[in-house]
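Everything below concerns the one structure shown next.
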Amino acid sequence: MNSKIVVCASGEGSNFEALVESAREGRLKAEIVGLIVSRSGVGALARAERLGVPTAVISPKAFAKASDWDQAMVHQIQAWSGEWIALAGFLCRVGPQMLATFPKRIVNSHPSLLPDFGGPGMYGDRVHAAVLAAGRKETGITIHVIDGEYDRGQIVAQTRVEVREGDTPALLATRVKSHEVRFYPKVLNDLVTGQTTGS
Ligand code: GRF
């Protein structure tokens, strides 16, 4: 039976859409049962509506305590019978209840070759700007199973992406994302079908 995946996003949602399409076309042997976003008005929500995927807005700001937010996340994932969680541009740090409830089942895609250019504050164009500032000739994508730290945890797969002469953070971001929307669904499929392991 296909695994049930809940996607968590905070932004545009191109990776979310790629996961939904891959699942519907059978390349990702899973069902995307819902999308959780950390704030309203983000592009990912509009995509989910267009694609007919159930959504929930669960903003940390709406809760008095971080543990209440954490618990609300777990409840929503369980309400959708989610077995795997795919973070796709999700800008919140996953809480201890989620980690304990879904051990080794929370997966993230980071747009660099971790451990380089990861950690707190390293998201969006900041990652690509740092790669360019360091004069790197290549960058890439890392799919990893998460633990309690930003951009840490077991690396499942990486792929390389070239840095070109004259690249800007925006150009590099676009090139990385064009690879990521194919790579992430493929690696996630390997994980949920047991062809690779995050442990
Ligand atoms: C992706 O490159 C992801 O790796 C990073 O943020 C970007 C999100 O893009 N963490 P999108 O929301 O999937 O379009």
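None of the figures in this text is laboratory data; all of them are computed from the coordinates on show. This structure is a prediction, so every number in the text was calculated from the model and none was measured. Reconstructed Cβ throughout: ideal geometry from the backbone, glycine too, with neighbour counts over all protein chains shown.
For Gly89, the residues 5 or more places off, or on other chains, whose built amide H falls under 5 Å of its own are Ser109. Only lysines eight or more places from Lys137 in sequence, or on another chain, were considered; those with a Cα closer than 29 Å are Lys177, Lys186. For the chain, the antiparallel share of DSSP beta bridges with both residues in that region comes to about 40%. Peptide packing: for 152-159, 103-110, 26-33, the average count of neighbouring Cβ atoms within 10 Å per residue gives the ranking 103-110, 26-33, 152-159, highest mean first.
Each Cα pair under 8 Å and six or more residues apart adds its separation to the average, and for segment 1-117 the resulting relative contact order is 30 percent. A protection proxy built from the mean count of other Cβ atoms within 10 Å ranks the segments 44-56, 75-87, most packed first, as 75-87, 44-56.
Give the relative contact order (percent, whole number) for segment 3-65; include only Cα pairs under 8 Å separated by 6+ residues.
Working: 98 pairs, mean separation 22.2, N = 63.
Relative contact order of segment 3-65: 35 percent.
Against the chain, whose longest principal axis comes from its Cα atoms, helix 169-192 is set at around 50 degrees. Rounded to the nearest whole angstrom, the semi-axes of the ellipsoid equivalent to segment 1-40, taken from the Cα gyration tensor as √(5λ), stand at 20, 11, 5, largest first. A protection proxy built from the mean count of other Cβ atoms within 10 Å ranks the segments 188-196, 161-169, most packed first, as 188-196, 161-169. With Rh defined as the Kirkwood radius, the inverse of the mean 1/r over Cα pairs, the Rg/Rh of the chain is 0.95. Can you tell me the 0 to 90 degree angle between the C-alpha axis of helix 66-79 and the longest principal axis of the chain, rounded to 10? Value to nearest ten degrees: 70.
For Glu31, nonlocal amide neighbours, meaning residues 5 or more places apart or on other chains whose placed amide H falls under 5 Å from its own, are Ser3, Lys4, Ile5.
For the chain, the longest principal axis of the alpha carbon atoms and the long axis of helix 14-24 meet at an angle near 60°.
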